[in-house]
Amino acid sequence: MDLINKLIVGDSLNSLRKLPDGVVDCVVTSPPYWALRNYDTNPVKWPDGWVGELGLEPNFEQYITHLCDIFDEVKRTLKDTGTCWVNIGDTYGGSCMGLSYVGHCKGKNSILPDDLSYMPKVAHSRGKYNKCLLMIPFRFALEMQSRGWIVRNVIIWQKPNCTPQSMKDRFTVDFEYLFFFVKSPKYYFEQQIEPFKESTIKRCQGGCGRNKGEHYQGLSKENYEKIQQKVLNGELKGKNKRAVWNISTSPFRGAHFAVYPPKLIEIPIKAGCPEGGLVLDPFMGSGTTAMVAEKLNRNWLGIELNPEYAQMAEERLKNAA
Ligand SMILES: C[S@@+](CC[C@H](N)C(=O)[O-])C[C@H]1O[C@@H](n2cnc3c(N)ncnc32)[C@H](O)[C@@H]1O
């Protein structure tokens with residue numbers, strides 16, 4: 001089966017089941033979030049007998065089970081040295097359910113569709129969980145952990161241009177999560193370096209890195225001075241990349257509404273996939289993962305259930321080539 005630069009039109013669970021073991025180097029993806037959008041996909045029959053679209057399950061427990069069933073298959077197809085990066089957002093329980101989270105709550109400037117019949121009837125989210133952040137990303141990560149994944153990082157994708165939110169009784173949520181999972185303790189990872197802050201360089205130039213007393217930022221004086229020298233002579237160009245990433249959302253002019261910014265996934269692909277390796281996206285949408293993989297000289301394999309989005313991805317890739 002030729003898996004290189006292929007887009008499979010089908011549902012992830014059943015499509016992944018047809019793939020061989022241990023062929024993928026890196027998984028980068030963003031699944032449908034729970035109770036947020038209707039992607040108009042064909043209904044999928046799940047192993048528990050429920051028929052419907054991922055993300056529109058009547059409760060989040062069932063959504064997490066379905067999602068992790070998919071990731072069990074992802075794990076099987078991943079090499080032992082592989083890495084897996086999942087962008088997933090949260091939802092507030094309450095009368096507008098997930099839509100309130102992105103500021104689409106019914107109101108004067110609402111863009112809420114009139115017909116909400118596709119949304120899960122989350123009885124308990126109006127009661128016990130009313131106004132409560134449902135902590136879905138963490139419920140997902142914990143279930144992944146209990147199914148054998150190693151959680152290496154929780155990355156905060158901070159959005160400087162986040163959508164304004166109208167509520168006045170809590171803070172505006174301006175970030176999402178990107179979870180970094182691996183299959184085994186030894187895996188491919190190319191360290192990513194971010195430049196030192198100007199203040200760090202200035203401190204080194206001043207020849208004094210000390211805070212008060214004999215405190216050398218947790219290092220011995222000797223080691224601290226060695227590092228300081230390396231910064232000054234240009235041998236050390238920066239520090240290990242931090243886990244809060246400040247990246248603007250970038251609009252894509254196609255008709256897909258849940259596109260992630262190419263910049264967000266450049267980092268995982270560079271860090272978690274060797275050149276020439278295979279990047280899998282089991283929820284391909286408009287093809288951002290494939291586009292970035294090609295740009296970075298990696299191969300890709302995508303799965304998308306909605307044929308219109310698959311077509312959109314193919315066209316986007318053709319135009320980017
Ligand atoms: C959050 S979007 C992904 C967007 C993508 N990262 C991009 O930048 O365009 C999720 C995608 O998963 C697709 N999808 C939903 N259920 C699916 C399933 N069971 N199998 C495969 N794809 C599915 C949706 O049609 C949607 O395009």
Original post:
Seen from all sides and averaged, what is the projected area of the convex hull of the Cα atoms in segment 1-84, in nm²?
Top reply: 5.8
Subject >> Cut-off 14 Å between beta-carbons: net charge of the residues surrounding Phe138, Lys and Arg +1, Asp and Glu -1 >> reply: -3
Original post:
Residue by residue through segment 154-160, which ³J(HN,Hα) values in whole Hz follow from phi under the Karplus form 6.51 cos²θ - 1.76 cosθ + 1.60 (θ = phi - 60°), with glycine and proline marked x?
Top reply: 9, 9, 9, 8, 8, 10, x
Subject >> Scaled radius of gyration (Cα, divided by 2.2 N^0.38 Å) that segment 150-198 gives >> reply: 1.68
**OP:** For the pairs Lys159/Lys318; Lys18/Lys45; Lys186/Lys226, note any where the Cα-Cα span goes beyond 22 Å.
**Re:** Lys159/Lys318; Lys186/Lys226
**OP:** Under 17 Å from a label point 7 Å along Cα→Cβ of Phe196: give me every residue in segment 224-245 with its amide N that close.
**Re:** 224-242
**OP:** Within segment 1-25, which residues have the backbone N less than 12 Å from the label spot 7 Å out from Ala321 along Cα→beta-carbon, could you tell me?
**Re:** 5-6
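Each reported figure results from applying straightforward, stated rules to the coordinates on display, with no laboratory input. Everything numeric here is computed off the predicted structure, so don't read it as measured data. Reconstructed Cβ throughout: ideal geometry from the backbone, glycine too, with neighbour counts over all protein chains shown.
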